[in-house]
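Okay, structure first, notes after.
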Amino acid sequence: MKEEARLKLEYAIKELDEASRPPDLGSWKAQVEKEAKVDDEETLRQTYLYLNVIMHGQQGLEDAIGKILVGENILTPSLTTKGWMFWKQPLLAENQRKAVESAVIRWSEAKVAQVDSLLKTLENSPNKDDPGNEIIVLASVLDITSSCMQQLSADLKEILASTENV
């Protein structure tokens, strides 16, 4: 693995570790359930906005990490007509690239499956239109996102460790 690729993986791992909620802080859902039971409309509104800001921040981070790990250059006319001038040797060997891609795919599939399961559970809930329940669902999605980020980070650390042994 080239130094530039190692640095990019380390950066992605660092960002994932910082963005995921540490287990010692507890889950978002447990924290929000305390506030969601409050009948104060203003508290519920502020909690809802706060969770949305966090969720959008995590989505932006996920997009950036995805581009770092499996992004591709967009073909432009200068690249197609003079592509040989811009060619660079790949940073990762084929097996390393496939390992990173499969880690990203597992991350994405796990998140989608868990969120879909949560949404199906919500559809069957009798109080699905309750504002407090909506906040708890947002917090649950944040928990899912956090656990999936931790798993991706662990997978990338494993890939990085395996390349250092070679």
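Here are the numbers:
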read-out	value
Wholly enclosed helices (runs of 4 or more DSSP H) of region 1-82 bearing at least 2 residues of a type in the set (A, V, I, L, M, F, W, C) and either over 15 Å from the mean Cα position of the chain (by Cα) or at pLDDT 80 or above (or both)	3-19, 28-36, 41-70
Selected residue [farther than 30 Å from M1 by Cβ, among the hydroxyl-bearing types (S, T, Y) and within 19 Å of the chain's Cα centre (by Cα)] from S146, S117	S117
Residue check, V112 exposed (fewer than 15 other Cβ atoms within 10 Å of the Cβ), of a type in the set (A, V, I, L, M) and either touching a residue at least 60 places away in the same chain (Cβ under 8 Å) or within 23 Å of D17 (Cβ to Cβ) (or both)	yes
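The values are calculated or read from the model by the stated rules, or taken from the named source; none is laboratory data. Just so you know, these numbers come straight off a predicted model, no measurement behind them. Neighbour counts are summed over all protein chains in view; Cβ atoms, including those assigned to glycine, are modelled from backbone coordinates with ideal geometry.
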